[in-house]
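Before we start, here is the structure in question, set down as C-alpha cells.
The values are calculated or read from the model by the stated rules, or taken from the named source; none is laboratory data. All figures in this text were calculated on a predicted structure; none of them were measured in a lab. What goes into the accessible areas is simple: the full protein's heavy atoms, side chains included, and nothing from ligands, DNA or RNA. Shrake-Rupley method; radii C 1.70, N 1.55, O 1.52, S 1.80 Å.
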Amino acid sequence: LNNPLQTIQGLAELLKNGQLTPEKRSKHADTIGREVEMIVGMRNDILDFTRGEVRVAYGTIDLASIVKEVTETYGPVCATFGITLTWSAAAGPGLASIIQGDSLKIWRVLQNLITNARDAMPSGGRISVDVNSTENDVAIEVSDNGAGIRDEFSDTLFSPFVTQDKSQ
C-alpha cells in the first residue's frame, strides 16, 4: 500500500504548488484517482489472499500501452528524486505487444518494480522499462543503474510480504 500512497502524496505536493498547467493538474488528479483504485484493489487482493483465493481479470491488453501509461504516470514522481524514467517498445515486422492478461495486476507489478528501483537510488539515477516482442513472446524488462538486490534476498524475492531494508 505504501507505493500508491507515496505517489498520491507526491502528486498532492505538486498540485499544491499551483504552478502546473490545467492539463497537468487534470492528469495528476486522474493519477491520484487511479492510485486510490489501486489501493482498493490491493485491499481486495489481501482479503482474497487470506481466504486462499486469487482473482485474475483476463482481457486483451497492449503491454506497450500499459508501459507507456505507467512510465508517464510515475515519471514526474521519479524526477523529484533525480531519477529519469524511460520506456521503449520494440517489435519485429508484423508483431505487436498484445496479450491476454490482467491489466491492473500488470500495472501494479510495474509500479512496484519502478518504486522499488526508485527507493534504492536515493542519489538519483535511471530506470528503463522496455517491451520486446518476438514471434511467440512478449517480454517486459525493468532495469536500473542502482545497487541491485542483495544475494540473500534472491531466494525469497517473489514471496508475499518480503522486503529488503531500503537503507542498504
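Among [x] -0.46, -1.05, -1.15; [y] -0.51, -1.22, -1.34; [z] -0.61, -1.07, -1.13, which is the computed log10 I(q)/I(0) by the Debye sum over Cα atoms at q = 0.11, 0.17, 0.18 Å⁻¹?
[y]
Amide H to amide H under 5 Å from Thr84: which residues, 5+ apart in sequence or cross-chain, H placed 1.01 Å off N in plane?
Under 5 Å from the amide H of Thr84: Gly125, Arg126, Ile127.
I need the shape label for segment 17-93. Rule: rounded when a/c is under 1.5, else prolate if a/b > b/c, else oblate, with a, b, c from the alpha carbon gyration tensor. Kindly include the intermediate steps, with their values, before the conclusion.
Details: a/c = 2.24, a/b = 1.31, b/c = 1.71.
Oblate, since a/c reaches 1.5 and b/c is not below a/b.
Further question on the same structure: Let me check against my output: what whole-number percent is the relative contact order of the chain, with C-alpha pairs under 8 Å and at least 6 apart?
Taking the mean separation of contacting Cα pairs over the length of the chain, I get 20 percent.
If you average the sequence gap of Cα pairs under 8 Å that are 6 or more apart and divide by the length of segment 27-90, what percent do you get for the contact order?
25
Follow-up question, since we're still on this one. Using θ = phi - 60° and the Karplus form 6.51 cos²θ - 1.76 cosθ + 1.60, what ³J(HN,Hα) does each residue of segment 126-142 get, whole Hz, x for Gly and Pro?
Along segment 126-142, the couplings run 9, 10, 10, 10, 10, 10, 10, 10, 10, 4, 10, 9, 10, 10, 10, 10, 10 Hz.
Would you work out what percent of the accessible area of the chain, with all protein chains in place, is carbon or sulfur (probe 1.4 Å)?
Working: 5620 of 10310 Å².
Summing carbon and sulfur atoms, their accessible area is 55 percent of the total for the chain.
Moving to a separate point now. For the chain, return all DSSP H helices satisfying: extent of Cα atoms along own axis at least 18 Å; mean Kyte-Doolittle hydropathy at least 0.0.
Sorted by number, the helices that extend far enough and score high enough are 63-79.
Antiparallel DSSP bridges in the chain: what percent, to the nearest 5?
Taking every DSSP beta bridge with both residues in the chain, the antiparallel ones total about 55 percent.
Accessible area per residue of segment 1-66 at 1.4 Å probe, in Å²?
In whole numbers, segment 1-66 has 65 Å² accessible per residue.
How big is the gap, in Å, between the Cα center of segment 12-74 and the Cα center of segment 116-135?
Centre-to-centre distance over Cα atoms comes out at 18 Å.
Check which residues have an amide H placed less than 5 Å from Ala89's amide H, if you skip close sequence neighbours.
Val131
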